[in-house]
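> Okay, handing you the structure first.
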Amino acid sequence: MRILHVIAGVGLRDGGPSVAIRGMTEALVAAGHEVTVATTDSDGAGSLDVPLGQPVMQAGVEYRYFRRNLPGSWKFSWPLTRWLWQHVPRFDVVHVHALFSYSTIPACRTARRRGVPYVMRPLGTLDPWGLGQRAWKKAPYLRLVERSHLDHAAAIHVTSEAEAAALASLGYASTTRIIPLGVPVPAAVPRLREAAAPVRLLFLSRLHPVKGLPLLLEAMRRLPSDLPEWRLTIAGRGEGSYGAEMQELARDLGLGERVTFCGAVEGEEKEKLLRRADVFVLPSQSESFGIAVAEAMAYSLPVIVSRDVALGREVESARAGLVVPREADALAAAIARLVRNPVEGGAMGGRGRALVEERFSWAAAASSLQTLYSGIARPRLELGRRDDALATPPRIA
């Protein structure tokens, strides 16, 4: 099957979706499909140093990068628009990632005009918290632009029951399909910690207001004074001055040398943090899935998450960690519980890893996506047809 994924950016500064799409597409290639990703050269506020407009092969996936014509988060790209209009007919199905980004407009409208079914993945943008951010702008945009894209999607891909509920409240229950994301599952390594060593807590995510970092720091301040020694590592890329603001907050709360900010981590450095940690914490205000939580469980870490993390339902059901309200005292109590009870935390970590192996592997995600695509893809005999006479892209506005 020939599958096209369209996403506004795949740079690491663009957050979790840029990581998830690599795992998703590589798993589809491993399952025997031809996969192309069409995207821009966006890397947060900067640009990726990549060849533009030509195929770039990465782990079996063909990437096509196109220059943004305007700065900003909308990521307008006329070269991407032209390429989509010319090449979408070559694919069986198009998978479009995110709403409220420019690339969604030409991807959905070209697929519809060219007779290719498309799957829409909102990336949590329709969750209550997401819609509440800049609602004055998002509400009319959703009504005038994105509603049409959702209405004509062959399916809407969500990654959790919580995200599915948000779509159902907007009237899209019948086309919504729940397919969780996956994470790599590392080789199992026993977790051995010396009795006198501090308990190592880990926050690993973007440093962004939605992630609940001020709440976590306040909870750490409220931990009982008789608690065993602990250390908190905060790992992740900050946006603008936010990282510096959080470091200043940690100092103001008197957390001193107990809290370490180590910036963005990837590859071996990230793996070392996950292997050395004892407990993972993410008190986010909104997570349509929670891929960092799944990664932590893959490393046998017990997790503490807020009720607003969609994966929290699975964590609670599997008894793989603690799910708490977004209150400093409740979060502090959960942290103290696992700091005092390493045996309980170890058992939670083991159940979390089993949960990931069973439900959150990329192979399982690819299998479910393959079933979804097969049910909506157009007949194979149409694939060779290409309407070169329609050389001009449709109007976007």
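> Could you state the number of Å between the C-alpha centres of the range 1-30 and the range 352-367?
The range 352-367 and the range 1-30 have Cα centres separated by 17 Å.
> Further question: Just check the range 1-117 against the gyration tensor rule for me: Cα atoms, a ≥ b ≥ c as the square roots of the eigenvalues, rounded for a/c under 1.5, and otherwise prolate or oblate depending on whether a/b exceeds b/c.
Oblate.
> Treating cross-link reach as a plain straight distance, find the lysines whose alpha-carbon is under 20 Å from the alpha-carbon of Lys75, omitting any fewer than eight places away in the same chain.
Lys75 reaches Lys137, Lys138.
> Within the range 118-199, list the GluC sites (Glu not before Pro) lying in a DSSP loop whose Cβ has at most 11 other Cβ atoms in a 10 Å radius.
Sparse-neighbourhood loop GluC sites (Glu not before Pro): Glu194.
> Next up: How large is ³J(HN,Hα), in whole Hz, for each residue of the range 294-308 in order, when computed from phi with the Karplus curve 6.51 cos²θ - 1.76 cosθ + 1.60 and θ = phi - 60°, using x for Gly and Pro?
These are the phi-based 3J(HN,Hα) values: 4, 4, 4, 5, 4, 9, 6, 8, x, 10, 10, 9, 7, 5, 8 Hz.
> Whole-Hz Karplus ³J(HN,Hα) for the range 170-183, in order, using 6.51 cos²θ - 1.76 cosθ + 1.60 and θ = phi - 60°, x for Gly and Pro?
3J(HN,Hα) across the range 170-183, in whole Hz: 9, x, 10, 4, 5, 9, 7, 10, 8, 9, x, 6, x, 9.
> Let me ask another. Considering just Cα atoms, how many Å³ per residue does the convex hull of the chain enclose?
136 Å³
> Compute the Cα gyration tensor for the range 107-199, then decide on rounded, prolate or oblate, letting a ≥ b ≥ c be the square roots of its eigenvalues: rounded whenever a/c is under 1.5, prolate when a/b is larger than b/c in the other cases, and oblate in all that remain.
It comes out prolate by the Cα gyration axes.
> Something else: For Lys270, Lys137, what ranking results if the residue with the fewest other Cβ atoms within 10 Å of its Cβ goes first?
Fewest-to-most ranking of Lys270, Lys137: Lys137, Lys270.
> Antiparallel as a % of all DSSP beta bridges within the chain, to the nearest 5?
10 percent
> To continue, here is another question. Normalised by the number of residues in the chain, what is the relative contact order in percent for Cα pairs under 8 Å and 6+ residues apart? Don't skip to the end; give the middle numbers.
Numbers: 781 pairs, mean separation 63.6, N = 397.
Rounded, it is 16 percent for the chain.
> Next question, about the same structure. Sort Tyr63, Tyr118, Tyr141, Tyr242 so the one with the fewest other Cβ atoms within 10 Å of its own Cβ comes first.
Ascending number of Cβ neighbours within 10 Å: Tyr141, Tyr242, Tyr63, Tyr118.
> Starting from the Cα-Cα distance between Arg2 and Ala45, subtract it from 0.36 nm times their residue separation and give me the gain in nm to one decimal.
12.3 nm
> Also, I was wondering about something else. In what sequence, highest mean first, do 250-259, 294-303, 211-220, 1-10 appear when ranked by Cβ atoms within 10 angstrom?
Most protected by this proxy first, the peptides run 294-303, 1-10, 211-220, 250-259.
> Mind giving me the FRET efficiency for Ala30 and Ala196? R0 is 35 Å, r the Cβ-Cβ distance, nearest 0.05 is fine.
With R0 = 35 Å, the Cβ-Cβ based efficiency is 0.20.
> Also, I was wondering about something else. If each residue's Cβ is checked for other Cβ atoms within 10 Å, how do His97, His87 rank with the fewest at the top?
Ranking His97, His87 by Cβ neighbours within 10 Å, fewest first, gives His87, His97.
> Over the range 199-359, what is the relative contact order in percent, taking alpha-carbon pairs closer than 8 angstrom and at least six residues apart?
26 percent
> With r defined as the distance between the Cβ atoms of Arg231 and Leu12 and R0 fixed at 30 Å, what FRET efficiency is calculated, to the nearest 0.05?
Taking R0 as 30 Å, the efficiency between Arg231 and Leu12 is 0.70.
> Also: Among Ser374, Met297, Leu181, whose Cα lies farthest out toward the positive end of the dipole of the chain, if unit charges sit on the beta carbon of Lys, Arg (+1) and Asp, Glu (-1)?
Of Ser374, Met297, Leu181, it is Ser374.
> I would also like to ask the following. Mind jotting down the distance between the C-alpha centroids of the range 285-330 and the range 152-191, whole Å?
16 Å
> Could I ask something else about it? Once you order the gyration tensor axes a ≥ b ≥ c over the Cα atoms, which shape class does the range 199-359 get: rounded for a/c under 1.5, otherwise prolate or oblate by comparing a/b with b/c?
rounded
No value in this document is a laboratory result; all are computed from the given coordinates. Note that the coordinates shown come from a computational prediction; the quantities given were computed from them, not determined experimentally. In this analysis, Cβ positions are derived from the backbone assuming ideal geometry, glycine residues included, and neighbour counts consider all displayed protein chains.
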